[in-house]
Every structure is written in structure tokens, then in C-alpha cells.
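The values are calculated or read from the model by the stated rules, or taken from the named source; none is laboratory data. These figures come from a predicted structure and were not determined experimentally. Positions of Cβ are backbone-derived with ideal geometry, glycine not excepted, and every protein chain shown enters the neighbour counts. Just the protein is used for accessible areas: all its heavy atoms, side chains included, with ligands, DNA and RNA removed. Shrake-Rupley method; radii C 1.70, N 1.55, O 1.52, S 1.80 Å.
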Amino acid sequence: MYDLVIRNAVIAQPDGSTIAADLACAGGRIARLAATLDVTGKESIDAAGRLLLPGVIDPQVHFREPGNEHKEDLGSGSRAAARGGVTSFLEMPNTDPPTTSQQALDDKLARAASKCVVNYGFFIGATPQNLEEINRAAPVCGIKIFMGASTGSLLVSEPHDLERIFANGTRLIAVHAENEARVRERKAQFAGRTDVAAHSEIRDNESALQATELALALSKKYRRRLHILHLSTHEEVDLLRRDKPSWVTAEVIPNHLLLNVDDYGRQGTLVQMNPPIRTARDNAALWAGLHDGIIDFIATDHAPHTLQEKRRPYPQSPSGMPGVETSLPLMLTEMAAGHCTLAEIQRWMCYGPAQAYGIPNKGKILEDWDADLTLVDLAHARAVRNEELFTRVGWSPYAGRELVGWPDYTVVAGRVVFDHGRIRDDARGQPLRFN
Ligand code: DOR
């Protein structure tokens, strides 16, 4: 008896082809995959007409626990993930207190074990003082450095502190690349501006480029594994196109592909984030970088703040937007419009992040791989509706957009966690392992 049998699915294969097949799960794995399976399962799904994808791995989310659970917690964030077809997430350390020690990491792991409905992993945050901890704390997917300040207190902006971190240790370093000194100077210059469009001028393309150049130079000097988070400018894409060592990866988030400064007029501070939304030219360069493999994968930078907080006048309004719940339908809608392929979606959202962070056995639908799956409906469009969202903040910058590819089911380790709008009572995720 299998734990779960999925029948008559259109199953995505890593090369982008599809097969019409049945799939059976046991022991958390995809045990069998065949045109027809004459087997029984404790639970059985008729998937006719729908596409089975590997569960999405979202490698950059902010779930706010501990410290700001009124925005999100590990339970609500993980339920939003499940609704969006995301079966694993990597969470950032800018909580309160920040995740900068083994003790803070253990606390997050214990909280996650008690309430996360999908799989979880955590970054350890760098400070100018915690070199030993960032190299020793375990399990972590990598070290996060805020080179520019954003939400929370974490910041390592001095070149000599950055150099010390790059020079000591072997772990992946993921950078939020904005030049803090330049941003501060420009904040002072733009001090009179209270329109949110100033945000993209203050934190300009050059601020991002300079920080990315510095991180790249340090990574090359020490041959240190580097990941550049949420790339946002055409200049950074050009830089990496000229010069991207094999040990460097980069990501983009849907907001930087699909939103730009024109959206300030419609949505104001709701679309304020760091690094900021930019121009149509940057959108196009980021898409091209993704298609060419200069950008390796997609994260969401899910950064929930309440509507009340977001509606404060600029610059009191906080930076960040929720996104974990909408990334897969957004990208599948782009696929349906001919802007990307099924092979790319899987590389960008499933096995790409798994490879980069050394998460074994996830991101492909093959026998013996982990049974983290999502069954999506490409045939019916449904608008993003704030009142239906699982994120605690209950809003999305994509509200009103008609999307296809919403999950009907999300499966973690061979067990259904999300089923037609509901989270199962017994749903639980597992801590991720990193090679
Ligand atoms: O806009 C952002 N919000 N960018 C970040 O880097 C942090 C995030 C947050 O945590 O709110």
C-alpha cells in the first residue's frame, strides 16, 4: 500500500517534456512512475487535465518570527507557501532578534518544527562581530550579508568587515547588494522628497552595481562561493555576463521582472521594496539574463508588512511585498503567454535553487526523488484576491491579476498538505539538509 497515488496526471519532466502517467509515493519518495499503475494508496488523486510539477523551492523569504508575528509567522508563511505550490523555503535572518547565533537558529528550528507545513531551512546572518558563529552554526543554507540596510538591524557595510567574512570560511555567502554609503548620501540629497518614486532614485542602479562589484571582487579574490540575491538592474546583468565565475550564482524575483517604476502611480508605497523596482529596460535585461542562464533561479523575497504599515506616507512606509503565494501562478501565466518554457520554470523554481544550495534529491519528478509536488490547473484563470490569500498580511501587489496555474494540491514528502483551498490538519514539513 502506497501513501499516495496520483493518477492520470500530465507530469513535467526536467527537460520540459511531459508524460501522461500515474505516480505512487512511499516513504516520502516518488516510488513509482509509469503510464498505468495497478496499485492502491491510502489516498488517491485523479489528476486528469492537470499538470504535476516538482514542488517549488523558494530560496528567499522573510517570515517575521520571532519578533513581528503580526505580519507573518512560520506557520502562516508556510501555509501561504503551500497554497502557492512552494514545498520548501529558505528563510532570512532579519527577524527580531536576528538569527545571528546557534541559539537563535535552534529557536527558529524548534518553532518551525512545531508549525511549518512545508520544508524549511534558515540563513545565518552576518554582523561585524560574529565570524565564528556564521561559520559554525548548523544546519544553515548559507550566510546572509546585508551590505545595505533594509528591514531589521542587520548590516555589514564596511569593506574591511566584508573582506574578513569572505576571507574566512567556505560556506555560501548570499548578499543583499546595495552600497550603504551611497544610499545614505543620496537619502540626504533627496531629503525633501516624500513621493515614493524617490525610493528608486535614492537606491539607484549604481548603488546596486557598486555593491555587486565589490561582492564579486571579494568572491574572486578568495574563490568564495557567492550568491547575489534579487538582482535588479541591467548593469548587474551586464557585469555578470562579462564576468561570472563558476562558483557565483544570482537570482531574480518576480517583482523585478513584472513591476517597474510605472507601478508607483497605481500602487504607491505598496510596491516599495529594497532593492527597488526599476525601469522597463531593467525588466527586459533581467528576463534576458534569466533565459541566458546569467541569472540562475527565482526567489520571491516574500517580505510581508501590514497594509496599515505600507500605507504610511513615504519615507515612513516599510520596504517589501508578500510573494511566496503567487510566484508559481505568476510564472506559469508568463509561460502560458509564451514568455518562458516548462523546462525553464523547473530550472528556475525547482531544481535550480536545490542545486545552488546543495539540497539533495529535490526539484525533479523522477523515481526515487523526494515526493514534493504540486498539481496545478493551467486551464482556468483565477484572479489574485486579497481576501483569499493565506499570508497574514492579506494583500498582494498582484491583486486583481488573472492568473493560471494555481495549485489544486500541494504534496510534501508524499502527503497532501494543501487541498483545494484548505491546509490539512496533519500537514508538517521537515528541516532541509544541505550538502
Ligand atoms: O524590501 C525588502 N524588504 N528588502 C529586503 O531586503 C528586506 C525585506 C524585509 O524583510 O522587509
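Please state which one of S200, S207 is under 30 Å from A399 (Cβ atoms), open to solvent by less than 60 Å² (accessible area, probe 1.4 Å) and touching a helix residue (DSSP H, G or I) at 6+ places or on another chain (Cβ under 6 Å).
On inspection, the qualifying residue turns out to be S207.
Looking only at segment 292-310, filter to residues that are more than 11 Å from the ligand (Cβ to nearest atom), farther than 15 Å from L328 by Cβ and among the aliphatic types (A, V, I, L, M); which one of those is most open to solvent (accessible area, probe 1.4 Å)?
Ranking the candidates gives L307 first.
Using beta carbons and a limit of 8 Å, which pairs, at least six apart or on different chains, have the first residue in segment 324-349 and over 25 Å from R64 (Cα atoms) and the second one of a type in the set (S, T, Y) and surrounded by fewer than 23 Cβ atoms within 10 Å (Cβ to Cβ)?
M335/T341; L342/T18
Yes/no per residue for (1) surrounded by fewer than 22 Cβ atoms within 10 Å (Cβ to Cβ); (2) at pLDDT 95 or above; (3) in contact with a helix residue (DSSP H, G or I) (Cβ under 8 Å, 6 or more places away or on another chain):
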| residue | (1), (2), (3) |
| --- | --- |
| I6 | no, yes, no |
| Q13 | yes, yes, no |
| A35 | yes, yes, no |
| S44 | yes, yes, no |
| D58 | no, yes, yes |
| H62 | no, yes, no |
| A112 | no, yes, yes |
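Residues to consider are P93, P139; find the one that is within 30 Å of V411 (Cβ to Cβ) and open to solvent by 10 Å² or more (accessible area, probe 1.4 Å).
Exactly one of P93, P139 is within 30 Å of V411 (Cβ to Cβ) and open to solvent by 10 Å² or more (accessible area, probe 1.4 Å), namely P139.
Determine whether Q316 is modelled with pLDDT of 95 or more and assigned to a helix (DSSP H, G or I). Outline the logic, then answer.
Details: modelled with pLDDT of 95 or more: yes; assigned to a helix (DSSP H, G or I): no.
In short, no.
With respect to S219, determine if the residue is at pLDDT below 95 and either among the aromatic types (F, W, Y) or under 23 Å from the mean Cα position of the chain (by Cα) (or both).
Details: at pLDDT below 95: no; either among the aromatic types (F, W, Y) or under 23 Å from the mean Cα position of the chain (by Cα) (or both): yes.
Answer is no for this residue.
Collect the residues in segment 229-270 that are more than 20 Å from L90 (Cα to Cα), in a helix (DSSP H, G or I) and within 16 Å of the ligand (Cβ to nearest atom), keeping them in residue-number order.
E236, L257, L258, D263, Y264, Q267, G268, T269, L270
Kindly state which helices (runs of 4 or more DSSP H) lie completely within segment 81-195 and contain at least 2 residues that are of a type outside the set (G, A, S) and closer than 21 Å to N274 by Cα.
Fully inside segment 81-195 and qualifying: 159-167, 180-189.
To keep it simple, each residue is scored yes or no on (1) within 16 Å of the ligand (Cβ to nearest atom); (2) under 27 Å from Q355 (Cβ atoms); (3) touching a His at 6+ places or on another chain (Cβ under 9 Å).
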| position | (1), (2), (3) |
| --- | --- |
| P275 | yes, yes, yes |
| R278 | yes, no, yes |
| A285 | no, yes, yes |
| R312 | yes, no, no |
| S319 | yes, no, yes |
| L330 | no, yes, no |
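What residue, of F166, F123, is aromatic (F, W, Y) and away from the ligand (no atom under 15 Å from the Cβ)?
Residue meeting the stated conditions: F166.
What residue, of V140, V183, is closer than 23 Å to A299 by Cβ and touching a strand residue (DSSP E or B) at 6+ places or on another chain (Cβ under 9 Å)?
Details: V183 fails: touching a strand residue (DSSP E or B) at 6+ places or on another chain (Cβ under 9 Å).
Matching residue, one of V140, V183: V140.
In segment 67-102, what count of residues is obtained for those that are more than 14 Å from the ligand (Cβ to nearest atom) and closer than 26 Å to Q129 by Cβ?
Number satisfying all stated conditions: 4.
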